[in-house]
Structures are given as C-alpha cells and as structure tokens.
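Below: one structure, written as structure tokens.
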Amino acid sequence: MPALPRALTSLLPAVVLLAGLTGCSAVVDVDPAGDAANARCADVMIALPPTVAENEQRETNSQATSAWGDPSRVVLRCGVDVPGPTTDPCVTVNDVDWVVREGDPAWTATTYGRDPAVEVLFDPDEVASSTVLVELGDAAARVDQTRACVGLADATPVPTDG
C-alpha cells in the first residue's frame, strides 16, 4: 500500500503542469502566406515587439505569423503577395508605406514597396491603426523598401493647355 501514495506523489508534478497548461491561451490558427519561407521574413519575425496596442504576443501555428491579444486583436503574416499599383489609400508611418483596406470588421494594412510584404489584420474598433502601424513599423522596415507610395497627382501627368 505505501507504493500507491509514492506513485501518486511522483505523478503530481505532471498533473500540476498539465493543469497549468490548460489555463494558457490556445495557439492561434493563422494560414501562412505564400512566401512565408522567405529568409527576409525571419528578420521581420525576430524584430516583432512582445506587445502591440497593449496586447501580449501569442503563439501561432504557422511560419512567419504572429498574433497579439486573447482573443486576437492583431494578426501579422509575412510573405503575402506584394501589392502593385492601387487606388487604395496608402499611408506612410515612420518611413514605412502601408496600403490600407477597410473591411468589416477587420482592416488590412500591407507594406508597400517591400518584398516580401507584411500584412497586418486588426479591428480599428479594438485597436487604433496608428498604434498598430507604429509599433510594427520597425519590424516591417527590416525588409528594404524599393518603391514608395505616390499620390494620384504624382502618378498621372496633368494635361496642359496649349
């Protein structure tokens, strides 16, 4: 009979560890981007901040992805398709150009002029776009910019009389 309590005692640390793990946030399921294996995405990923808009970083199940918040408030994927010329709004935040597409509810901001491109999804009702783009800009800037956003007036010649 003394062997039974000893066996239970030896299993106690495993039970405590298992109980502790069930209290942790689940891994976030994020589809990887097509070019997620690009070596430049590794530079982006190691530069990501541990918090974004006061949300803690969480583990994801795909290469070159990250998420912050529980539930996720911000999701990042590196290696998405590089945006070409577009009429979508393009904003520059701390020397990083982002093409912003408003959705309902999630907005998508994708780096412009960088290959591979970085995509960030967020709900502007939950986190401010200015905060998200500022806090993720340093990591996105690890990929060199080769093109810049231009306004429509800069891209289209203005006809002149005469």
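Here are some residues: Trp98, Trp68. Which one is at pLDDT 95 or above, crowded, with 20+ Cβ neighbours inside 10 Å, aromatic (Phe, Trp, Tyr) and in contact with a Lys or Arg (Cβ under 8 Å, 6 or more places away or on another chain)? Full working, then the answer.
Working: Trp98 fails: in contact with a Lys or Arg (Cβ under 8 Å, 6 or more places away or on another chain).
Answer to the check: Trp68.
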Filter result (in contact with a strand residue (DSSP E or B) (Cβ under 9 Å, 6 or more places away or on another chain) and over 16 Å from Leu136 (Cα atoms)) within segment 91-112:
Arg101, Glu102, Gly103, Ala106
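Of the residues Val127, Val74, Val52, Val99, which single one is aliphatic (A, V, I, L, M), over 21 Å from Ser25 (Cα atoms) and touching a residue at least 12 places away in the same chain (Cβ under 8 Å)?
Numbers: Val127 fails: over 21 Å from Ser25 (Cα atoms); Val74 fails: over 21 Å from Ser25 (Cα atoms); Val52 fails: over 21 Å from Ser25 (Cα atoms).
Of Val127, Val74, Val52, Val99, the one residue that is aliphatic (A, V, I, L, M), over 21 Å from Ser25 (Cα atoms) and touching a residue at least 12 places away in the same chain (Cβ under 8 Å) is Val99.
If we keep just the residues of segment 101-116 that are in contact with a helix residue (DSSP H, G or I) (Cβ under 9 Å, 6 or more places away or on another chain) and either within 20 Å of Pro32 (Cβ to Cβ) or among the small types (Gly, Ala, Ser) (or both), which is surrounded by the most Cβ atoms within 10 Å (Cβ to Cβ)?
The initial filter retains those residues of segment 101-116 that are in contact with a helix residue (DSSP H, G or I) (Cβ under 9 Å, 6 or more places away or on another chain), namely 107, 109, 111, 114-116.
Narrowing the set further to residues that are either within 20 Å of Pro32 (Cβ to Cβ) or among the small types (Gly, Ala, Ser) (or both) leaves 109, 111, 114-116.
Values: Ala109: 25, Thr111: 27, Arg114: 23, Asp115: 16, Pro116: 24.
Of everything passing the filter in segment 101-116, Thr111 is surrounded by the most Cβ atoms within 10 Å (Cβ to Cβ).
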I'm told Ala26 meets every condition in (1) in contact with a strand residue (DSSP E or B) (Cβ under 8 Å, 6 or more places away or on another chain); (2) surrounded by fewer than 17 Cβ atoms within 10 Å (Cβ to Cβ) except one. Can you identify the failing condition by its number?
(1)
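For the structure I just gave you, tell me whether Val75 is modelled with pLDDT of 95 or more, β-branched (Val, Ile, Thr), farther than 18 Å from Val134 by Cβ and buried (at least 18 other Cβ atoms within 10 Å of the Cβ).
On the way: modelled with pLDDT of 95 or more: yes; β-branched (Val, Ile, Thr): yes; farther than 18 Å from Val134 by Cβ: no; buried (at least 18 other Cβ atoms within 10 Å of the Cβ): yes.
For Val75, the condition - modelled with pLDDT of 95 or more, β-branched (Val, Ile, Thr), farther than 18 Å from Val134 by Cβ and buried (at least 18 other Cβ atoms within 10 Å of the Cβ) - is not met.
So which residues in segment 55-65 are part of a strand (DSSP E or B) and either under 12 Å from the mean Cα position of the chain (by Cα) or at pLDDT below 95 (or both), if there are any at all? Lay out the reasoning, then the answer.
Filtering segment 55-65 for residues part of a strand (DSSP E or B) gives 55-58, 60, 65.
Hits for segment 55-65 are Gln57, Arg58, Thr60, Thr65.
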Which of (1) in contact with an Asp or Glu (Cβ under 7 Å, 6 or more places away or on another chain); (2) more than 11 Å from Val118 (Cα to Cα) is the odd one out, the single condition Val99 does not satisfy?
(2)
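The values are calculated or read from the model by the stated rules, or taken from the named source; none is laboratory data. Note that the structure is predicted; figures quoted are calculated from it, not measured. Cβ coordinates were reconstructed from backbone atoms using ideal geometry, including for glycine residues, and neighbour counts include every protein chain displayed.
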